[in-house]
Amino acid sequence: QVQLVESGGGLVQPGGSLRLSCAASGSIFSINGMAWYRQAPGNQRELVARITSDGSTNYADSVKGRFTISRDNAKNTVYLQMKSLKSEDTAVYYCNVFLQLGPGEASPMYNYWGQGTQVTVSS
C-alpha cells in the first residue's frame with residue numbers, strides 16, 4: 001500500500017512564501033514523474049509543476065519564475081517552493097506521482113494522489 005502525505009500549507013500574506021512537501025511511503029520500487037496540481041473553488045484541477053525522474057521540470061505559465069519544484073529521491077519526497085504568492089494562488093494543492101511497485105520494464109506504472117493541502121493567500 002502506498003501513501004502520499006502532504007504538508008506545508010497554510011495562510012500567508014500576498015508576497016509571502018510557503019514550501020509544500022509530499023512524502024511517498026510504502027512498498028515502492030521506483031518513482032517516475034512527480035507533480036503538483038491545484039484546485040480553486042469552482043475551478044478544475046490544474047497542473048502547477050512537474051519533475052521527471054532525471055530532474056527535468058516544467059511549470060504552468062502562471063507560476064513561472066515564482067515556484068520551484070524539486071525532489072529528493074532518497075526520501076521519495078517532492079517539494080514545491082512558492083514565492084511572491086498572489087491571492088490567485090489560493091487553492092488546495094495536491095501532489096501526484098507515477099511509481100512502480102516492482103522491478104523491470106514490464107512492471108506496471110501506478111498513479112497516486114495526495115490528500116491535498118490548503119494554501120490561502122490573503123491579507
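Does region 103-111 contain any residue that is under 18 Å from the mean Cα position of the chain (by Cα) and farther than 15 Å from ASN32 by Cβ?
no
Mind telling me which of the residues TYR93, TYR110 ends up being touching a Leu at 6+ places or on another chain (Cβ under 8 Å), over 16 Å from ALA49 (Cα atoms) and aromatic (Phe, Trp, Tyr)?
Unique residue meeting the criteria: TYR110.
(1) out of contact with any Pro (no Cβ under 9 Å at 6 or more places or on another chain); (2) open to solvent by 40 Å² or more (accessible area, probe 1.4 Å): which one isn't true of PHE29, the others all being true?
(1)
If you check GLN115 against the conditions, is it closer than 14 Å to GLU6 by Cα, surrounded by fewer than 14 Cβ atoms within 10 Å (Cβ to Cβ) and not charged (D, E, K, R)?
Answer is yes for this residue.
Output the residues belonging to region 66-86 that are open to solvent by 60 Å² or more (accessible area, probe 1.4 Å) and of a type in the set (A, V, I, L, M, F, W, C).
If the condition is that a residue be open to solvent by 60 Å² or more (accessible area, probe 1.4 Å) and of a type in the set (A, V, I, L, M, F, W, C), then ALA74 is the only one that fits.
Being touching a Lys or Arg at 6+ places or on another chain (Cβ under 8 Å), among the charged types (D, E, K, R) and open to solvent by 30 Å² or more (accessible area, probe 1.4 Å) is the filter here; which residues of region 32-52 pass it?
ARG45, GLU46, listed by residue number.
Any residue at all in region 87-100 that is of a type in the set (Ser, Thr, Tyr), under 22 Å from PRO14 (Cβ atoms), over 13 Å from the mean Cα position of the chain (by Cα) and surrounded by 14 or more Cβ atoms within 10 Å (Cβ to Cβ)?
First, pick out the residues of region 87-100 that are of a type in the set (Ser, Thr, Tyr): 87, 90, 93-94.
Filter once more, keeping what is under 22 Å from PRO14 (Cβ atoms): 87, 90, 93.
From what is left, the residues that are over 13 Å from the mean Cα position of the chain (by Cα) are 87, 90.
Filter again for surrounded by 14 or more Cβ atoms within 10 Å (Cβ to Cβ), leaving 90.
Yes, because at least one residue in region 87-100 is of a type in the set (Ser, Thr, Tyr), under 22 Å from PRO14 (Cβ atoms), over 13 Å from the mean Cα position of the chain (by Cα) and surrounded by 14 or more Cβ atoms within 10 Å (Cβ to Cβ).
Under 6 Å between Cβ atoms, which residue pairs at least 6 apart in sequence (or on different chains) link something in region 55-68 that is among the hydroxyl-bearing types (Ser, Thr, Tyr) with a partner that is outside any loop (DSSP other than H, G, I, E, B) and open to solvent by 30 Å² or more (accessible area, probe 1.4 Å)?
THR68/GLN81
The values are calculated or read from the model by the stated rules, or taken from the named source; none is laboratory data. Predicted, not measured: the structure shown is a model, and the values here were computed from it. Glycine also receives a Cβ, built like all others from the backbone with ideal geometry; neighbour counts cover every protein chain displayed. What goes into the accessible areas is simple: the full protein's heavy atoms, side chains included, and nothing from ligands, DNA or RNA. Shrake-Rupley method; radii C 1.70, N 1.55, O 1.52, S 1.80 Å.
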